[in-house]
Structures are given as structure tokens and as C-alpha cells.
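Here is the structure we will look at.
The values are calculated or read from the model by the stated rules, or taken from the named source; none is laboratory data. Since the model is a prediction, treat every value here as computed from it, not as a measurement. Don't worry about glycine lacking a Cβ; one is built from the backbone with ideal geometry, like all the others, and counts go over all protein chains shown. When the accessible area is computed, the model is the full protein with side chains, heavy atoms only, and any ligands, DNA or RNA have been set aside. Shrake-Rupley method; radii C 1.70, N 1.55, O 1.52, S 1.80 Å.
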Amino acid sequence: MNTTFDKRQTATILAALRYWQSNGIVASRHDHYTIATDDGTLQPLNRPEIDVMCEQINMPAATPIIVVGCEGGLVQGASSNIAGLSMIVLDYDTEGADDDEITEVPQSDTVELEPAIVGLHTVAHDAPWVQQIVTAAGLKDTAGKPLELAARAAQESGNCRALLESIHEELEGMGFGTDQSIDGGDCCEYLGKLFVDVGEALERDGAKVAT
């Protein structure tokens with residue numbers, strides 16, 4: 001279970017998603033449609049996408065790990081298996097620092113303020129490298145087994161990429177992307193858009209796509 005929500009919240013979210021999946025957006029009230037599409041600016045999730053989302057909600061939350069690199073007592077950088085993190089470093093060694101470099105910061109166990117140099121660092125998202133460091137450090141999970149962080153995510157990413165590549169090749173074989181004479185019908189228009197979307201997704205994943 002994703003620990004962002006408790007069990008009751010997760011159960012309600014899953015039930016709502018499955019209801020939506022079973023009954024479809026047409027059967028929903030108009031205000032629900034407005035919410036799901038952000039007032040018509042987004043395409044609502046389809047049934048396969050709801051399946052993926054339910055699996056994501058049921059998946060155990062990843063153990064967050066931050067690897068901090070230091071040299072000469074200074075932080076040189078940080079990486080994590082979780083995306084979108086920032087890190088604040090409080091350096092209490094303020095000797096030689098200018099007044100404008102020092103900030104009075106509260107302590108966790110008292111109301112007293114202490115002078116410190118505050119540094120804000122962007123944490124790079126590099127799950128495979130963090131897994132290598134975790135393995136080298138010999139970290140264990142609660143069952144005493146080697147802690148695994150990136151293997152599952154990397155495998156799922158590889159599987160998704162292989163699927164996208166297969167879909168892209170099939171659509172290219174049907175003539176989309178190169179044959180401008182294809183026209184007619186919602187199906188063809190949808191597949192043409194899908195060809196572009198899949199190609200862009202592959203490019204974001206670092207794959208080379210023929211134009």
C-alpha cells in the first residue's frame with residue numbers, strides 16, 4: 001500500500017477508480033467529468049490507465065534514500081531514488097563567514113536559535129546509482145535481506161519502453177508518420193495522434209525515433 005494514504009483512504013480511492021472504470025465517464029455526472037479533465041484541458045484516464053494507477057496505489061512505497069557526497073567538509077552533491085526532492089544543509093561552522101551568509105535557525109529540541117550557513121541543494125534522481133551505493137553499504141530491509149530499490153523500477157521501465165517501441169513499429173508499418181494519404185475516420189485520426197505521442201514518449205526516454 002502506498003503509505004501516503006491510510007488503509008481506509010486507499011480503499012476509497014481504489015473503489016472510486018474501479019467504479020469509474022466499470023461505468024465509464026459518460027455515466028458520471030458533469031461535475032465529475034470537469035474534475036477528471038481539469039475543466040476540459042486534460043484527457044480523462046481510460047480503462048487500461050486506471051489499471052496501471054490502481055497497481056501504483058497498491059505498490060509499496062519506495063524506501064527513500066539520499067546519498068550525500070562530501071569533500072573537504074563541504075557537500076558536493078546529493079542523489080536519491082525518489083524524484084523531486086530538495087535538501088537543506090545547515091553548516092554550524094560559521095567561523096570566517098560574512099554576516100549576510102549566516103541565518104539564525106531554530107533547533108529541533110529547544111526554542112533557542114543557532115547561527116548557521118544554510119545551503120539548499122537539488123537532489124538528483126538517480127535510482128540505479130543509489131541502488132549500487134545501497135548494495136555497497138550492505139543495507140538490509142526489515143527482513144534482513146539486501147535492500148532492493150531500483151531493480152523493480154528499472155525492469156518496469158524496460159518493459160514499458162519495449163512495449164512502446166513495439167507499438168511505434170506497428171503503427172509505422174501501417175503507414176503512419178510517412179504516408180500522408182491516410183485519412184478518414186476517428187480511428188485513423190486517433191492512431192495518427194498515438195503515433196506522435198508514442199514517438200515523443202520514446203524520445204523522452206532517450207530512444208532514437210525515425211522521422
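Worth pointing out:
- Descending by average beta-carbon neighbour count within 10 Å, the peptides 8-14, 42-48, 95-101 line up as 8-14, 42-48, 95-101, the highest first.
- FRET efficiency for THR10 and ALA83, using Cβ-Cβ distance with R0 set to 25 Å, rounded to 0.05: 0.70
- Length gained on full extension, LEU139 to GLU49, computed as 0.36 nm times the residue gap minus the Cα-Cα distance: 28.9 nm.
- Averaged per residue, region 70-131 has 70 square angstrom of accessible surface, using a 1.4 angstrom probe with ligands and nucleic acids left out.
- Order by protection proxy (mean Cβ within 10 Å, highest first), peptides 34-41, 129-136, 107-114: 129-136, 34-41, 107-114
- Portion, in percent, of the accessible area of region 1-139 that falls on carbon or sulfur, probe 1.4 Å: 55
- Estimated vicinal HN-Hα couplings, Hz - region 70-80 in sequence order (Karplus 6.51, -1.76, 1.60; Gly, Pro = x): 10, 8, x, x, 10, 6, 9, x, 8, 9, 8
- Remark: accessible surface ordering of LEU149, LEU74 (largest first) is LEU74, LEU149, probe radius 1.4 Å.
- Pairwise alpha-carbon distances in region 92-140 exceed 18 Å for 58% of all pairs.
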